[in-house]
1. Determine which member of the set Glu139, Glu115, Glu131 is assigned to a helix (DSSP H, G or I) and free of Cβ contacts under 8 Å to residues at least 12 places away in the same chain.
2. Are any of the residues in segment 158-178 more than 27 Å from Ala192 (Cα to Cα) and surrounded by fewer than 18 Cβ atoms within 10 Å (Cβ to Cβ)?
3. Sort out which residues of segment 137-167 are over 15 Å from Gln91 (Cα atoms) and either in contact with a Pro (Cβ under 6 Å, 6 or more places away or on another chain) or polar (S, T, N, Q) (or both), and write them in order of number.
4. State yes or no: is Leu133 under 20 Å from Asp20 (Cα atoms) and surrounded by 13 or more Cβ atoms within 10 Å (Cβ to Cβ)?
5. For Ala193, are the conditions met, namely being in a helix (DSSP H, G or I), among the hydrophobic types (A, V, I, L, M, F, W, C) and more than 30 Å from Glu37 (Cβ to Cβ)?
Amino acid sequence: MGISAKELDINTRHINELADQIRYNTDCEVIRLVIEEHLGSIQDLFKDIQEEQKELLAKILPILQLPGPNPIAIVKWISKFVTGLVTPQLQAHIKYTKKLINLAASILNVIAAIEEAARNLPQCAIQIKDETLSQIRNEVNSLVTTALQEIEGSQVGLLAIIDAGNTIGRIDTSSSEAFLATVDQAAAAINAAADVYKNEP
């Protein structure tokens, strides 16, 4: 079914509120109830995010495969066409990934809150195995890694068309932190170069 960027914002707020409920509550029954009620829905959220990522990627990758350079005029036209389609899709994927990174941080916040509650209130005997928390942590990290790899692939394909001289700063997709630190400036430069390229004779 997928999940929209707007829904990611709502879920991020909700999950951070759950983390606070777990972290600051001293009633064992309430903590247990919150965990049992919401941990499964967090995992369902992963599936929706993965579907949305596949859908976004499916729109980008096929049109990045350009035909051979014969004749030159047709290839130039096709390149402009591809640039016109890919640039907005890349921007949408960048926006989505930013929100996904925030959501991932909120989910990791919930995991940290559960671990904190288990340490601070041993009498609660919170019935969540460390493996479950590790699995969720791994799924979160995998979602973010996949999103960053997809942006890297799209960026490489687009820049191969519009930046033959390799002069535009790249979005650093090596980590969430690097992505967030470079994405706004690099995306603006990519957009500007794509506009110049599309308007060339």
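1. Values: Glu139 fails: free of Cβ contacts under 8 Å to residues at least 12 places away in the same chain; Glu115 fails: free of Cβ contacts under 8 Å to residues at least 12 places away in the same chain.
Going through Glu139, Glu115, Glu131 in turn, the sole match is Glu131.
2. No, segment 158-178 has no match at all.
3. Asn138, Asn141, Ser142, Thr145, Thr146, Asn166, Thr167
4. It is true that Leu133 is under 20 Å from Asp20 (Cα atoms) and surrounded by 13 or more Cβ atoms within 10 Å (Cβ to Cβ).
5. Spelling it out, Ala193 is indeed in a helix (DSSP H, G or I), among the hydrophobic types (A, V, I, L, M, F, W, C) and more than 30 Å from Glu37 (Cβ to Cβ).
Each value in this text was obtained by applying a stated rule to the coordinates, not by laboratory testing. Note that the structure is predicted; figures quoted are calculated from it, not measured. Please note: Cβ atoms are built from the backbone with ideal geometry, for glycine as well, and neighbour counts cover all protein chains shown.
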